[in-house]
Amino acid sequence: MTDTLPPPAQKPARPFFSSGPCAKPPGWSPDKLSTQSLGRSHRSKIGKARLQLCIDLMREVLQVPDTHRIGIVPGSDTGAVEMAMWTMLGARPVTTIAWESFGEGWVTDALKQLKLDPTIIRADYGQLPDLGQVDWSHDVVFTWNGTTSGVRVPNGDWIAADREGLAIADATSAVFAQDIAWDKVDVLTFSWQKVLGGEGAHGVLILGPRAVERLENHTPEWPLPKVFRLVSKGKLAEGVFKGETINTPSMLAVEDAIFALEWGKSLGGLQALRARADANAAALDAIVQERGWLGHLASDPATRSNASVCLTVEGADEAMIKTMAKLLEEQNAAYDIAGYRDAPPGLRIWCGATVETADIEALGPWLDWAYASARP
């Protein structure tokens, strides 16, 4: 390893570039969180009120139509996706679409756990599969934004308006940064720890009318754990979508999410949050374009994420990437930017709305320094 460059003089003011948990909103501090609900039952009047406020803010900021129900569920985004799969699949054929590791996780669930013999449509990291292959007589499970490859679906146009199956979208790193075609998704999931910079362990499950109809008219062949049960006596458990959570939530995590949602609302809501992510992604792209040794793993700009941006590094193997990330962390210049463990060796830099564009811009010289320092 050589040290050919001195460390740059200016550091990002907030060097938080992790893709989950992501950077807190600017101005966040723990003393700014409401604490009235702490130490109280989540079933108390104030507990229910704060959970309902969180749901109402998610609906407002995300512009979720009144036709869709929003629930806070256990197990982060993974729990929300698996809750949908375990309760709704099995009524008709299934297609799973994977172009990165989390999509592959849903393939494994459908194939090996639920044993549904799904149709599997795949693409390599950096590519998007041919979405025209999808048979919409099937239930379809996919990631809206592939967090570990930096590839997203361009829009919802590929989802059939007259579909017979359900569109089940894992959108954990897409919401609050990208447009969601609500008329094209029957189930959408995410967690606060991604684009909001919230805390983990809680998932969000959004159900359209067709998903509710499936729940009320389909009984899975397999047993359901208590934390997955959304139906009681053949009807949707409506309380789940009014803040009556299945198990005990962390009210501190709820208050943290409320802070982030109110911050996003104060900026101008969804349009402002998307604009911030777009500006961050553009600033990072400018850094890439100025350097011959950096590239985008997602080669097509039309399907390139504006949130989890994955970069290739010329000549780098896994060991070199780890060294670069370690050097940057030691200098407090950038935290947690090594690519996902299952992805090709490279960097992954979060560009969601809670990151400041000036900090992305300040990152460029530090990437030069780390690259020069880590090269064999």
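The values are calculated or read from the model by the stated rules, or taken from the named source; none is laboratory data. What you see is a predicted model, and the numbers here were worked out from it, not measured in a lab. Using ideal geometry, Cβ is built from the backbone for each residue, glycine included, and neighbour counts are taken over all protein chains shown. Surface areas here come from the heavy atoms of the whole protein model, side chains and all, with no ligands, DNA or RNA. Shrake-Rupley method; radii C 1.70, N 1.55, O 1.52, S 1.80 Å.
Computed over the chain with a Gaussian network model linking Cα atoms closer than 10 Å, the most mobile of THR108, THR354, THR172 is THR108.
Of all the options ALA260, ALA286, ALA98, the one that moves most in a Gaussian network model of the chain with Cα springs shorter than 10 angstrom is ALA286. For region 251-376, the orientation-averaged shadow of the C-alpha convex hull comes to 8.9 nm² (one quarter of the hull surface). For GLY75, the shell of other residues with beta-carbons less than 15 Å away shows a net charge of -2, using +1 for Lys and Arg and -1 for Asp and Glu. Measuring against 25 Å, Cα to Cα, the residue pairs LYS194/LYS265; LYS226/LYS265; LYS194/LYS242; LYS32/LYS226; LYS24/LYS326; LYS112/LYS226 contain LYS226/LYS265; LYS32/LYS226 as the ones spanning a longer distance.
The alpha carbon gyration tensor of region 1-68 gives principal lengths a ≥ b ≥ c with a/c of 1.5 or higher and a/b greater than b/c, which makes the shape prolate. Using just the C-alpha positions of region 152-208 as equal point scatterers, what log10 of I(q)/I(0) does the Debye formula give at each q in 0.17, 0.21, 0.23 1/Å? For the requested q values the scattering log ratios are -0.55, -0.79, -0.91. Using the heavy atoms of the protein chains alone and a 1.4 angstrom probe, what is the accessible area of the chain per residue in square angstrom? Here the per-residue accessible area is 41 Å². Rounded, prolate or oblate: which fits region 92-138, taking a ≥ b ≥ c as square roots of the Cα gyration tensor eigenvalues, rounded meaning a/c under 1.5, else prolate when a/b beats b/c? Oblate.
The mean sequence separation of alpha-carbon pairs under 8 Å and at least six residues apart, normalised by the residue count of the chain, gives a relative contact order of 28 percent. Whole-percent P(r), region 133-292, all Cα pairs, 5 Å bins from 0: 2, 7, 14, 17, 18, 17, 13, 7, 3, 2, 1, 0, 0. Counting only DSSP beta bridges whose two residues both lie in the chain, roughly 60 percent are antiparallel. Solvent-accessible surface of protein heavy atoms, probed at 1.4 angstrom with all chains present, puts SER191, SER41, SER137 in the order SER41, SER137, SER191, largest first. Each 5 Å bin from zero holds the following percent of Cα-Cα pairs in region 50-131: 3, 12, 19, 17, 16, 15, 12, 5, 0.
In terms of its alpha-carbon gyration tensor, the chain comes out oblate; a/c meets the 1.5 threshold, while b/c is at least as large as a/b.
The shape of region 92-199 can be summarised by an equivalent ellipsoid whose semi-axes, obtained from the alpha carbon gyration tensor, come to 20, 16, 14 Å from longest to shortest. With the chain treated as a Gaussian network of Cα nodes joined by springs under 10 Å, which of ALA181, ALA333, ALA110 yields the largest mean-square fluctuation? Of the options given, ALA181 has the highest mean-square fluctuation. Normalising the average separation of contacting C-alpha pairs (under 8 angstrom, six or more residues apart) by the number of residues puts the relative contact order of region 244-376 at 27 percent.
Ignoring ligands, DNA and RNA, what percent of the 1.4 Å accessible area of the chain is carbon and sulfur? Of all accessible area on the chain, carbon and sulfur atoms account for 49 percent. Among the DSSP helices (H) of the chain, those spanning at least 15 angstrom by Cα along their long axis with an average Kyte-Doolittle hydropathy of -1.0 or more are 45-62, 76-88, 251-267, 270-289, 318-330, 357-374; this is a geometric and hydropathy rule only. Each Cα pair of region 108-170 feeds into the Kirkwood radius, which the Stokes-Einstein equation turns, at 10 °C and 1.306 mPa s, into a diffusion coefficient of 125 µm²/s.
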